[in-house]
Amino acid sequence: MARQPIDQFVEGISAEKRASVYLGTKVTHEKRDKLLHDHYADPDALRRLAGEIKQHVVENLDTYLPKVEAKLQSNGVKVHWASTAEEACAAVHGIMKARGATKLVKAKTMVSEEIGLADYLEHRGIEALETDLGEFIVQIDHDHPSHIVRPIIHKSRKEIATSFEREGLGAYNDDPETITRRARAFLRKKFLQADVGLTGANFVSVESGRLVIVTNEGNSRFSLAATKCHIALVGIEKLVPRDRDLGLFLNLLARSATAQQLTVYTEFISGPKAAAQPDGPEEMHVIFVDNRRTEVLASECREILRCIRCGACLNVCPVYRQVSGHAYRSVYPGPVGAVLSPLLEGDKFADKADLPKASSLCGACNEVCPVNIPIPDLLLRLRNKGKREHAPLAEAGSPPMGAWALMASSPAAWKTALVAGKLMNVLPKTWIPIPAMKAWTDTRTLPEWRGGEFRKWLRQRPRKADGTKGSPQSHTP
Amino acid sequence: MASDRQLPRADRRVMLMATCLCDAFYADAARATVEVLEHLGCTVEFPEGQTCCGQPAFNGGDWDASRQVVRHAVKTFAGDLPVIVPSGSCAAMLTHGTALEFEKEADLGEVRQLGRRTWELADFIVNGLGVKTWPGRYEGRIAFHRSCHCRGSETVPAALALLSSIAGASVAPFGESDQCCGFGGTFSVSFPHISSAMGTLKLEHIRASAPDVLVSVDMSCLMHMAGLAEKAGQPIRTQHVAQVLRDALRNGNLL
């Protein structure tokens, strides 16, 4: 029986890395929980409300998207539509070519990871520099983020200090403050030299066309301070209907993502620089990225499009804590990634059909989700999809259920098996040629088989004095 | 919890779904369930044709196989009696999981009807029968594992209320009690390394509170944790909530 790749992956993770991922996620989760309950009498009511608003948006994208396009255009923003990753990258490249631009500074955006923008631009001679500290470290190491919010949760400061030394950013020094100061000094120059600033958007208000961008490092503001052109890459699901909805979402996002009341920088961008404003980008583009989101919308898992990328489900997930992000072979790891990543593969769903299996279905992700996505239900739907489509990765390591179902629908066979199962206590367990059994007994013992004993007790125990009351009655329908 | 669930009948007749695990391994937990229900004045019917709730295949993604088993359960537990099950996980399967896998099936209505009648044992005692405290005596420090499929249900507060009300018993808190034990059904064999690591961490937290017994409403979680502990050479004592309640009655000469 083939093994599950994610379960194999975990064997290769060092104890040090595992401990740092565990501690990092645990601490953030616990702070988040405390903050939400300290500040709100009923945080779950807020999560449900936010979920309903986003579900409403997701189900009405066909009307909200034209509305927000018109609003953005009236604000002086140029709107582009990219149905694929390639089109989105080409749109960014096209804007830069038209301006003769060669240098781009980039704030953290998951959708740019999703479409592979940095590689696309580099191959075309454009410098696309990550300015979020974590993403910058990922970039100089030619690595990939392992967490939605904390891209270098898998790295130690010693590794980072070594990378900085290699890149000529100073002699080895693993003091976090020194590392940060060196990155800052390097990036400041790059901000000033850049032609274009690229950001994502955490939310876009349909009502006002405002883009909302949150960061803790201010790098998004820096990216837009000196450049003349702002490009925002925005997944089509990022809309909220009204400005007033932002009060709810910003409060939930900061607490859920980083256990803060509010992220350090929250920008509201209504368009390019107005004539009266002294500086800022004079040109602004919003590229709405579909990249299979409409396919997700048409699927049985559309609720996943509510996601606001806070990472709370990663932090609480006992599986993510053990395996960390790279195990998921995807831009989006953890519980949200186990749903979203296979769906974003489209007709290559089978390549990631194992991701929805990498869960004990414990439901902790749903409990912390600020938009109340029923992640376990969606994982189950995708497991069923994997089974229906005979995806080998979905079936790897899973015992077949056909014979069990037959037996469990036939009382006579079931009762026979209960008695026959007693053999398990006689045979040495390692002789049983069932891989599933070995997978169990490698690390756990099996309880003693007592098949049929309860039924026997029911039949044989003495009846009470009154003959009926309090006595179990067996019946066969 | 769904507000449309069916309350117990005045005559306190109920059906018992013993669960496949108790049928195969944990006869005494099923027996304790019967004894506890009878102590509460219930008449317990045991449909002989019962097998399993269908969850293994449901979680495995094989919904055709699962629906076959659920349809058998619907037939076996036909009628209007409450169905009591000593497992939060099987209860969640029948109240929630089946609704998901029967969404587009013609017999969704019958499946939901069974779901509305299904109660996890502790939830039934406290919220169905209105019994908030438990008599008798049970000496021991209890570590109570909140099995994950009880999230969002009334089971955990119900079980905790009953356990902590027993004379002589105390419920010992332990770290990260909202985290999974790593069982997850077929997850435990298809992801054995991750599953075992999760369980080992869980056991460390539990041991740190030095309990006399580890208690849960689900034998499946207990099977996993006890199996891990024994294999590691550090066995722990486990009991189903029903066994604790039954033992309290015995110790108080109420049974």
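The values are calculated or read from the model by the stated rules, or taken from the named source; none is laboratory data. Quick caveat: nothing in here was measured; it's all calculated off a predicted structure. Don't worry about glycine lacking a Cβ; one is built from the backbone with ideal geometry, like all the others, and counts go over all protein chains shown.
Pairs, please: C-beta under 6 Å, at least 6 apart or cross-chain, first residue closer than 20 Å to A:Glu283 by Cα and hydroxyl-bearing (Ser, Thr, Tyr) and in segment A:193-209, second modelled with pLDDT of 95 or more and part of a loop (DSSP other than H, G, I, E, B)? Every condition considered, the pairs that remain are A:Thr199/A:Ala107; A:Ser205/A:Asp243; A:Ser208/A:Asp243. When A:Val371 is tested against (1) surrounded by fewer than 21 Cβ atoms within 10 Å (Cβ to Cβ); (2) touching a Gly at 6+ places or on another chain (Cβ under 7 Å); (3) among the β-branched types (Val, Ile, Thr), exactly one condition is not met: (1).
Taken over segment B:67-78, the criterion of being of a type outside the set (Val, Ile, Thr), within 7 Å of chain A (Cβ to nearest Cβ) and surrounded by 20 or more Cβ atoms within 10 Å (Cβ to Cβ) is satisfied by B:His72 alone.
Scan segment B:121-147 for residues that are among the small types (Gly, Ala, Ser), outside any helix (DSSP H, G or I) and within 12 Å of the chain's Cα centre (by Cα) and the total you get is 1. Restricting attention to segment B:148-177, the residues that are in contact with a Pro (Cβ under 6 Å, 6 or more places away or on another chain) and part of a helix (DSSP H, G or I) add up to 0. Every condition in (1) more than 8 Å from chain A (Cβ to nearest Cβ); (2) out of contact with any Lys or Arg (no Cβ under 9 Å at 6 or more places or on another chain) is met by B:Phe183 except one, and the failing one is (1). Of all the listed residues (A:Ile148, A:Ile140), the sole one being in contact with a Lys or Arg (Cβ under 6 Å, 6 or more places away or on another chain) and of a type in the set (Val, Ile, Thr) is A:Ile148.
Counting only helices (runs of 4 or more DSSP H) that sit completely within segment A:1-106, those holding 1 or more residues that are over 27 Å from A:Asp132 (Cβ atoms) correspond to A:5-9, A:15-39, A:43-59, A:61-74. Among the numbered criteria (1) closer than 30 Å to B:Glu176 by Cβ; (2) crowded, with 22+ Cβ neighbours inside 10 Å, which one does A:Ala405 miss? Answer for A:Ala405: the failing condition is (1). Name the single residue, out of those in segment B:6-27 being more than 8 Å from every other protein chain (Cβ to nearest Cβ) and either at pLDDT 95 or above or touching a strand residue (DSSP E or B) at 6+ places or on another chain (Cβ under 8 Å) (or both), that is farthest from B:Cys221 (Cα to Cα). Checking each candidate, the answer is B:Asp11. Does A:Val68 meet the test of being in the same structural domain as A:Thr258 (by TED's automatic domain parsing), at pLDDT 95 or above and not small (Gly, Ala, Ser)? Against the criterion (in the same structural domain as A:Thr258 (by TED's automatic domain parsing), at pLDDT 95 or above and not small (Gly, Ala, Ser)), A:Val68 qualifies.
On the stretch given as segment A:113-130, residues that are touching a residue at least 12 places away in the same chain (Cβ under 8 Å) and closer than 25 Å to A:Val336 by Cα total 7.
Among the numbered criteria (1) facing chain B (nearest Cβ under 9 Å); (2) modelled with pLDDT under 95; (3) in a helix (DSSP H, G or I), which single criterion is violated by A:Gly397? Among (1) facing chain B (nearest Cβ under 9 Å); (2) modelled with pLDDT under 95; (3) in a helix (DSSP H, G or I), the lone unmet condition for A:Gly397 is (3). Within segment B:28-48, being touching a residue at least 24 places away in the same chain (Cβ under 8 Å), in contact with a strand residue (DSSP E or B) (Cβ under 9 Å, 6 or more places away or on another chain) and not polar (S, T, N, Q) holds for B:Asp28, B:Ala29, B:Ala30, B:Ala32, B:Leu37, B:Cys42, B:Val44, B:Glu45, B:Phe46, B:Pro47. The single condition among (1) touching a strand residue (DSSP E or B) at 6+ places or on another chain (Cβ under 8 Å); (2) assigned to a loop (DSSP other than H, G, I, E, B) that A:Ala274 does not satisfy is (1).
Taking segment A:305-381 and the helices (runs of 4 or more DSSP H) fully enclosed by it, the elements with 3 or more residues that are touching a Leu at 6+ places or on another chain (Cβ under 8 Å) are at A:334-344.
Among the conditions (1) in contact with a Lys or Arg (Cβ under 6 Å, 6 or more places away or on another chain); (2) buried (at least 17 other Cβ atoms within 10 Å of the Cβ), B:Ala167 misses just one, which is (2). Within segment B:57-68, residues that are closer than 16 Å to A:Ala394 by Cα sit with their Cβ atoms under 7 Å from residues that are of a type in the set (S, T, N, Q), at 6+ positions apart or across chains, in these pairs: B:Ala57/B:Ser66; B:Phe58/B:Ser66; B:Asn59/B:Thr186; B:Gly60/A:Ser398; B:Gly60/B:Thr186; B:Gly61/A:Asn384; B:Trp63/A:Asn384. When B:Arg137 is tested against (1) modelled with pLDDT of 95 or more; (2) buried (at least 24 other Cβ atoms within 10 Å of the Cβ), just one condition goes unmet, and that condition is (2).
If I filter segment A:154-171 for residues that are crowded, with 21+ Cβ neighbours inside 10 Å and outside any helix (DSSP H, G or I), do I get at least one hit? There is at least one residue in segment A:154-171 that is crowded, with 21+ Cβ neighbours inside 10 Å and outside any helix (DSSP H, G or I).
The set of residues from segment B:197-238 being touching a residue at least 40 places away in the same chain (Cβ under 8 Å) and over 19 Å from A:Ser360 (Cα atoms) comprises B:Ile206, B:Ser209, B:Ala210, B:Pro211, B:Asp212, B:Val213, B:Leu214, B:Val215. Those helices (runs of 4 or more DSSP H) of segment B:185-251 in which at least 3 residues are more than 26 Å from B:Gly61 (Cα to Cα), considering only elements entirely within it, cover B:192-208, B:219-231, B:241-251. Residues considered: A:Lys429, A:Lys464, A:Lys415. Of these, the only one that is modelled with pLDDT of 80 or more and either farther than 30 Å from A:Cys365 by Cβ or at the interface with chain B (Cβ under 9 Å from one of its Cβ atoms) (or both) is A:Lys415. Working only within segment B:108-130, note down all residues that are surrounded by fewer than 20 Cβ atoms within 10 Å (Cβ to Cβ) and touching a residue at least 60 places away in the same chain (Cβ under 8 Å). B:Arg116, B:Leu129, listed by residue number. Scanning segment B:41-57 for residues that are more than 7 Å from chain A (Cβ to nearest Cβ) and touching a Ser or Thr at 6+ places or on another chain (Cβ under 6 Å) yields B:Gln50, B:Gly54. For segment B:226-236, the set of residues classified as within 14 Å of B:Ala143 (Cβ to Cβ) and within 9 Å of chain A (Cβ to nearest Cβ) consists of B:Ala226, B:Ala229, listed by residue number.
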